Each structure stands twice: as structure tokens, then as C-alpha cells.
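S.K.: One structure is given below, represented as C-alpha cells, and several questions about it will come after.
No lab work stands behind these numbers, since they all come straight from the coordinates. Quick caveat: nothing in here was measured; it's all calculated off a predicted structure. Cβ coordinates were reconstructed from backbone atoms using ideal geometry, including for glycine residues, and neighbour counts include every protein chain displayed.
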Amino acid sequence: KACYRIFEPALHQRTTRKLEVEKMELEVALSEALKHKEFILYYQPIFSLITSNLVGFEALVRWKHPEKGLIPPNKFISIAEETGLIIPLSEWILAEACHQMKAWQEQFENAASLRISVNVSGRQLKESNSIEKIDEILTATGLKGSNLKLEITESLLMENRESFRYFLKQMKHRGIELSIDDFGTGYSSLSYLHRLPFNTVKIDRSFITNIYSEENSINIVQAIITLAHQLSINVIAEGIETEQQFRILQGLGCEFGQGYLFAKPLDVEAAQGVLMAMVNS
Ligand code: C2E
Ligand code: CA
Ligand code: CA
Ligand code: CA
């Protein structure tokens, strides 16, 4: 009870002020970083759990800070979303990912059918010209729509139904695949699965982590896979870290997987090494 006395409005105000200042500094630093091209993409390989073939990469952004080193996306994506900086940042990410995939296709014959998966932010979808932007990028890089996949988190599905539906339909026309990201963590409405043109659901890592130790997790994963398959939707599991998790998912008929067991997100050169190994095998 004595603890209640610790609360002091002035102190609280000072802390809030400090956080606000830190946030403002981060905002400024982010827009400077964009100008100075301090963002880079890492690429995490995605494999077929059935054939073990490489099927593509997920592009994951990092901030290469001149002093602080590599800063992970969870430190800056939400601020970028709040400030709107996510719009130019996402545009750069999409263009860079498409450009890289195209370059790999020119370098490696067997890269022709690989897909590059790019995470899409909510703000990005709300832009009225998001479809034109994607078209511009595909034209500029020469990448085919069938080599691109967009990962959209569940929470976004709740908002803005009609325009969102239109966006998805337009993507589908271009051969761009659509994946629901972090499936199972949001307000899952199973009705999205058959009403919207998704090709894949990506089961969130939290379920995969406990798949071996918690009966509930394996039941949920199994239910998601069964349901998806009944709707002709593929399943990808993220965050596969152990052989046991991999075997269970394989047994449940999960088509695709990514995770530290196979590979971490890699810089361009290391990702190229994976492509090279594929050619030589
Ligand atoms: P996400 O889309 O769920 O991405 C998967 C995250 O899990 C990545 O973290 C990846 O490095 C990590 N991961 C992959 N395999 C494993 C594993 O086996 N074990 C563990 N413990 N982790 C694994 P990362 O790169 O830090 O990205 C975090 C989140 O930031 C992403 O979650 C995504 O929501 C967001 N993000 C990343 N890149 C972008 C981007 O280009 N645009 C947008 N809008 N968001 C991005
Ligand atoms: Ca993702
Ligand atoms: Ca995910
Ligand atoms: Ca996740």
C-alpha cells in the first residue's frame, strides 16, 4: 500500500516528456536515415517441407545505423507507421526487394520460379495509389507479378473492407500471391479465408515454438492446416527452430517453412550463397 505514495504526477509528466522527446528524435533520425539510404534488406529463405526445395525469400528490413549498428524492425516500424514515414520506406523496400529478385533471376537460371515475399504495412494499403505504385515498381524492375508475394497481417483485414477487397483482387490479376501473416494471433475471422483471395496462411511463430511441448498448440496448428487445405489454401510455418518442430509440421502436411533450423535472415551475399548451392546441388 505504501507503494501508492511513490506515484507523483510531476515525475510521471517528466517521464512522459522524456519519452516524447525520444520519440521525436527517433522520427527525425528515421527520415534522415531514409535520405542517407541507411536501410538494408535481409532475406530469409523459405523452403518446401515436402521437396526441401528453396521456394523463395522473405525480405526483412533493418536499419544500418552508422554508430549503433543493425537495428531490428520492431524498433522503428511502428514509429514509421505513426509518422507516415512508412510510406516512402515501404516503397523503397518493395522496389529494393523486386530489384534484387530480378537480379538473382538474371544470375541464376533456377531462380525463375522463386518468389520474393514482402511485408505490407497497414498505412501502405490505405494510400489511394498503392496499386499504381506496385505497377510502377514491377515495370521499373522488370519483375513479374508471379514472382512477388505480399504478406498482410490479420489485423489489417478488419479495416476498410471494400477498398481492401479491391486491392487484393487487383493483386491477384497480376499473379501476385497473397499471404495472411502471423495467422492465429489477431482477431481471426475464419470467414476471411474463403471470402478473400489468399493463397497462403502463415502460422505465427508462437504456435510453432510450443508445438512439441503443448498439446493445445499442436491442436491449433492441425486445425489451421486442415481448414486451410479444405479451402485450397497453402500453409507456411514461421520460426521453425528444431528438427522436432519440422517433423511434426511435415507430418501435418504443412507445405512450406522458414526458420533458424534452415536459415536465419541473410544479407544479400549470404542469400546469394544459398542460391549458388541450389545451382550446384
Ligand atoms: P514477421 O513478418 O513475422 O517476420 C518474421 C520475424 O521472425 C523476423 O524478425 C525473422 O527474423 C524472425 N524469425 C525468422 N525465423 C525465426 C526463428 O526460427 N526463430 C526466431 N526466434 N525468429 C525467427 P524481424 O526481421 O526482426 O522482423 C520482425 C517484424 O518486423 C516482422 O515480423 C514484420 O512484422 C516487421 N517487418 C520486418 N520487415 C518489414 C518490412 O519490410 N516492412 C514492414 N511493414 N514490416 C516489416
Ligand atoms: Ca512476415
Ligand atoms: Ca510472420
Ligand atoms: Ca510473427
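S.K.: Which is farthest toward the positive dipole end of the chain among 203, 258, 49, measuring Cα position about the Cα centre, with Cβ charges +1 (Lys, Arg) and -1 (Asp, Glu)?
M.R.: Result: 203.
S.K.: Follow-up. May I ask for the distance between the Cα centers of segment 31-54 and segment 172-214, given as a whole number of Å?
M.R.: Cα centres, segment 31-54 to segment 172-214: 20 Å.
S.K.: Further question: If each of residue 40 and residue 174 carries a label point 7 Å out from its Cα toward its Cβ, how far apart are those two points in nm?
M.R.: Label at residue 40, label at residue 174, 2.8 nm between them.
S.K.: Another question, if that's okay. So what is the relative contact order for the chain, in percent, with contacts set as C-alpha pairs under 8 Å and at least six apart?
M.R.: The normalised contact order for the chain reaches 18 percent.
S.K.: Where does each of 28-37, 118-127, 131-140 land if you order them by average Cβ count within 10 Å, highest first?
M.R.: Highest-to-lowest ranking by the protection proxy: 118-127, 131-140, 28-37.
S.K.: Of 257, 84, 184, which is the most mobile in a GNM of the chain whose springs link Cα atoms less than 10 angstrom apart?
M.R.: Highest fluctuation of the listed residues: 84.
S.K.: As a footprinting exposure proxy, order 260, 192 by other Cβ within 10 Å, with the fewest listed first.
M.R.: 260, 192
S.K.: Which ordering of 221, 55 is given by a fewest-first count of other beta-carbon atoms within 10 Å?
M.R.: Going from sparsest to densest Cβ surroundings: 55, 221.
S.K.: Per-residue HN-Hα couplings for segment 274-281, Karplus 6.51 cos²θ - 1.76 cosθ + 1.60 at θ = phi - 60°, whole Hz, x for Gly and Pro?
M.R.: Coupling constants for segment 274-281: 5, 5, 4, 4, 5, 5, 7, 8 Hz.
S.K.: Counting alpha carbon pairs within less than 8 Å and at least 6 residues apart, what relative contact order, in whole percent, applies to segment 195-236?
M.R.: 52
S.K.: Taking 0.36 nm per residue of sequence separation and subtracting the Cα-Cα distance, how much length would be gained by fully extending the chain between residue 139 and residue 219, in nm to one decimal?
M.R.: 24.4 nm
S.K.: Continuing with the same structure: Can you work out ³J(HN,Hα) from phi for every residue in segment 237-250, in order, using Karplus 6.51 cos²θ - 1.76 cosθ + 1.60 and θ = phi - 60°, giving whole Hz and x for Gly and Pro?
M.R.: Along segment 237-250, the couplings run 9, 9, x, 6, 10, 10, 4, 4, 4, 4, 5, 4, 4, 4 Hz.
S.K.: Turning to a different aspect of this structure: Given the -39500 (n - 2.57) contribution per DSSP H run of 4+ residues, what per-residue ellipticity at 222 nm results for the chain, rounded to the nearest 500 deg cm²/dmol?
M.R.: After summing the helix terms and dividing by the residues of the chain, the value is -15500 deg cm²/dmol.
S.K.: While we're on this one: Cα-Cα over 18 Å: which of 64/144; 149/169; 102/149?
M.R.: Distance filter (> 18 Å) returns 64/144.
S.K.: Could you size up the charge dipole of the chain around its Cα centre, putting +1 on the beta carbon of Lys and Arg and -1 on that of Asp and Glu, and report it in debye to the nearest 20?
M.R.: Roughly 380 debye for the chain.
S.K.: Related question: I need 171, 276 ordered by Cβ neighbour count within 10 Å, fewest first.
M.R.: 276, 171
S.K.: Further, regarding this structure: If R₀ is 22 angstrom, what is the calculated FRET efficiency for the pair residue 206 and residue 261, using the beta carbon separation as r and rounding to 0.05?
M.R.: It comes to 0.85.
S.K.: Excluding residues on the same chain fewer than 8 positions from residue 35, give the aspartates and glutamates whose Cα lies under 18 Å from its Cα.
M.R.: 25, 27, 67, 81, 91, 96
S.K.: I would also like to ask the following. Which FRET efficiency, nearest 0.05, do residue 50 and residue 26 yield, Cβ-Cβ r, R0 30 Å?
M.R.: 0.10
S.K.: Would you give the gap between the C-alpha center of segment 237-265 and the C-alpha center of segment 89-132, rounded to a whole Å?
M.R.: Comparing the Cα centres of segment 237-265 and segment 89-132, I get a distance of 24 Å.
S.K.: Against the 2.2 N^0.38 Å scaling, with N counting residues, where does segment 60-137 land? I'd like the Cα-based Rg ratio to two decimal places.
M.R.: So segment 60-137 has a normalised radius of gyration of 1.24.
S.K.: Another one. Roughly how big is segment 115-197's charge dipole about its Cα centre, with Cβ charges of +1 (Lys, Arg) and -1 (Asp, Glu), in debye to the nearest 20?
M.R.: Rounded to the nearest 20 debye, it is 260 debye.
S.K.: A further question on this structure: Just to be sure I understand: with springs between alpha-carbon atoms less than 10 Å apart, which residue in 96, 214, 255 has the highest mean-square fluctuation in the Gaussian network model of the chain?
M.R.: Of the options given, 214 has the highest mean-square fluctuation.
S.K.: Pull up all non-local amide H partners of residue 56: gap of 5 or more, or a different chain, and H-to-H distance under 5 Å with H placed in the peptide plane.
M.R.: Close amide H contacts, sequence-distant or interchain: 46, 115.
S.K.: From the phi of every residue in segment 198-207, what ³J(HN,Hα) in whole Hz does the Karplus formula 6.51 cos²θ - 1.76 cosθ + 1.60 yield, where θ is phi - 60° and glycine or proline is x?
M.R.: Ordered by residue, 3J(HN,Hα) equals 7, 8, 9, 10, 10, 6, 5, 4, 4, 6 Hz.
S.K.: Next up: Between 197, 73, 45, where does the largest GNM mean-square fluctuation fall for the chain, given springs only between Cα atoms within less than 10 Å?
M.R.: Largest GNM mean-square fluctuation: 73.
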